[in-house]
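Student: Take a look at this one; I'll ask things after.
The values are calculated or read from the model by the stated rules, or taken from the named source; none is laboratory data. Source: prediction; values computed, not measured. With ideal geometry, Cβ positions are generated from the backbone for all residues, glycine too; neighbour counts draw on all protein chains shown.
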């Protein structure tokens, strides 16, 4: 029984290693340009080893996107923010981009944007995953704005959907330009603009 438990634990560790490496490679190189054998070779595993845990490339790609999306979600929506002042909550969502910590956690830029761009006309399964992830981000901001307006912290004339779209589009645009030109100045500039925008929402 003990040996079985040890074998399962080792298998779980191997699966996590495969998933972490695949998530990084897919985000850096794209789904179409990354073969399952590339992932196994980078880990020194046998050619078919990955298929023991992920039966198809699609299954590995789906799990990899979910892995990366969870990192973004945990960074942008830190635990314990429920009920915090709206302005403070919105500004906390800027911190990973202001400090550049997401770049330390995920190589290759925003996995939500990368996946959305690459799969719009090629992979409906991954495209829908990206849509859901963006929808969650937008919905979180919309809820913060609604709650803040109801509590009198934010202006009551605000359209939560407009605020959310402005916030997300500004961040993603800054990340895209910074990656394209290898210059964080674009993102830093737009984060500063969002700081001012958030201040303008106060009641």
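Student: Taking segment 140-165 as the region of interest, how many residues are part of a helix (DSSP H, G or I) and surrounded by 14 or more Cβ atoms within 10 Å (Cβ to Cβ)?
Tutor: So the answer is 14.
Student: Looking only at segment 1-25, how many residues end up being modelled with pLDDT under 95 and surrounded by 16 or more Cβ atoms within 10 Å (Cβ to Cβ)?
Tutor: Adding up the residues that qualify gives 1.
Student: Could you tell me how many of the residues in segment 44-80 are in a loop (DSSP other than H, G, I, E, B) and in contact with a helix residue (DSSP H, G or I) (Cβ under 9 Å, 6 or more places away or on another chain)?
Tutor: Step one: of segment 44-80, the residues in a loop (DSSP other than H, G, I, E, B) are 44-48, 53-56, 77-80.
Next cut, in contact with a helix residue (DSSP H, G or I) (Cβ under 9 Å, 6 or more places away or on another chain) only: 45-48, 53-54, 56, 77-78.
Total meeting the criteria: 9.
Student: For segment 51-64, what are the residues that are without any contact (Cβ under 8 Å) to a residue 60 or more places away in the chain, within 24 Å of the chain's Cα centre (by Cα) and under 23 Å from residue 119 (Cα atoms)?
Tutor: 54, 56, 57, 59, 60, 63, 64, listed by residue number.
Student: Let me ask something additional. What is the residue count in segment 124-165 for residues that are out of contact with any helix residue (DSSP H, G or I) (no Cβ under 8 Å at 6 or more places or on another chain) and within 21 Å of residue 22 (Cβ to Cβ)?
Tutor: The qualifying residues number 3.
Student: To continue, here is another question. In segment 26-53, how many are farther than 22 Å from residue 132 by Cα and crowded, with 19+ Cβ neighbours inside 10 Å?
Tutor: 5
Student: Can you name the residue in segment 100-124 that is part of a helix (DSSP H, G or I) and at pLDDT below 90 and is also surrounded by the fewest Cβ atoms within 10 Å (Cβ to Cβ) among such residues?
Tutor: Here the residue is 104.
Student: Provide a single number: the residues in segment 33-43 that are within 15 Å of residue 119 (Cβ to Cβ) and touching a helix residue (DSSP H, G or I) at 6+ places or on another chain (Cβ under 7 Å).
Tutor: Count: 1.
Student: Filtering segment 171-203 down to residues that are in a loop (DSSP other than H, G, I, E, B) and touching a residue at least 12 places away in the same chain (Cβ under 8 Å), which residue is nearest to residue 28 (Cα to Cα)?
Tutor: Among those residues, the one meeting the criterion is 184.
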